[in-house]
Amino acid sequence: MKVHILFEPRDLWIGVYWDRQRGIYLCIIPCFPIHITFTRAS
């Protein structure tokens, strides 16, 4: 699992967005989404 805090000025929303291929985006503060990706162990 990897967690990144991004700065994206286009993201003015608050909430959770789930994308099967890219992971989960959690936006508590507008413009600063937290991107969570899940990786499989080899």
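Of the peptides 21-33, 3-15, the order by per-residue mean of other Cβ atoms within 10 Å, starting with the highest, comes out as 21-33, 3-15. With each label modelled as a point 7 angstrom along the Cα→C-beta vector, the LYS2-ILE29 pair spans 2.3 nm.
For region 1-19, backbone nitrogen atoms closer than 18 Å to the point 7 Å from THR39 Cα along Cα-to-C-beta are found at 1-6. Taking Cα centre as origin and charging only the Cβ of basic (Lys, Arg, +1) and acidic (Asp, Glu, -1) residues, the dipole magnitude of the chain rounds to 200 debye.
Sorted largest first, the principal axis extents computed over the alpha-carbon atoms of the chain equal 36, 16, 14 Å. Which is farthest toward the positive dipole end of the chain among ILE36, GLN21, PRO9, measuring Cα position about the Cα centre, with Cβ charges +1 (Lys, Arg) and -1 (Asp, Glu)? My answer, from the dipole projection, is GLN21. Considering only the other residues whose Cβ falls under 10 Å of the Cβ of CYS27, what net charge follows from Lys and Arg at +1 and Asp and Glu at -1? Cβ neighbours under 10 Å give a net charge of -2.
Each value in this text was obtained by applying a stated rule to the coordinates, not by laboratory testing. From a predicted model like this one, the values you see are computed outputs, not experimental measurements. Because the Cβ atoms are built from the backbone with ideal geometry, glycine has one as well, and the counts that use them run over all protein chains shown.
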